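The values are calculated or read from the model by the stated rules, or taken from the named source; none is laboratory data. All values reported here derive from a predicted model rather than from experimental measurement. Heads up: the accessible areas ignore ligands, DNA and RNA and are worked out on the full protein's heavy atoms, side chains in. Shrake-Rupley method; radii C 1.70, N 1.55, O 1.52, S 1.80 Å.
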Amino acid sequence: FALGTNRTSAQNRSLRVKLVGGPRSGRDAVGAVVRITRADGKVRKLQITAGDGYEAASERVVHLGLAADEGVSMLEVEWPSGAV
């Protein structure tokens with residue numbers, strides 16, 4: 001038995017977004033596009049996918065790494081139904 005512990009200082013942050021769709025976009029929100037505008041104006045687009053994880057079991061979470069001094073100024077979701 002072995003236990004590993006990460007003792008590095010937490011310099012950076014991250015943002016995790018889990019989408020829960022409705023009847024028009026599907027419960028797992030597969031195909032939804034998350035557009036994140038950082039505080040410095042840079043835009044990232046990430047899409048919810050399926051079947052790309054271990055044994056095709058994806059977590060369906062958008063994960064964006066941020067530097068210690070970065071923030072998010074806007075988060076927008078384009079659902080598979082076309083709603084924003």
Practice item. Tell me which residues, restricted to the range 41-56, are open to solvent by less than 90 Å² (accessible area, probe 1.4 Å), more than 11 Å from the chain's Cα centre (by Cα) and either among the basic types (K, R) or modelled with pLDDT of 85 or more (or both). Key: G41, V43
Point to revise | the range 7-32, subset open to solvent by 30 Å² or more (accessible area, probe 1.4 Å) and not in a loop (DSSP other than H, G, I, E, B), residue nearest to W79 (Cα to Cα) | key: K18
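When only residues in the range 58-84 that are assigned to a strand (DSSP E or B) and open to solvent by less than 50 Å² (accessible area, probe 1.4 Å) count, which is nearest to V33 (Cα to Cα)?
Only one residue fits best here, namely V77.
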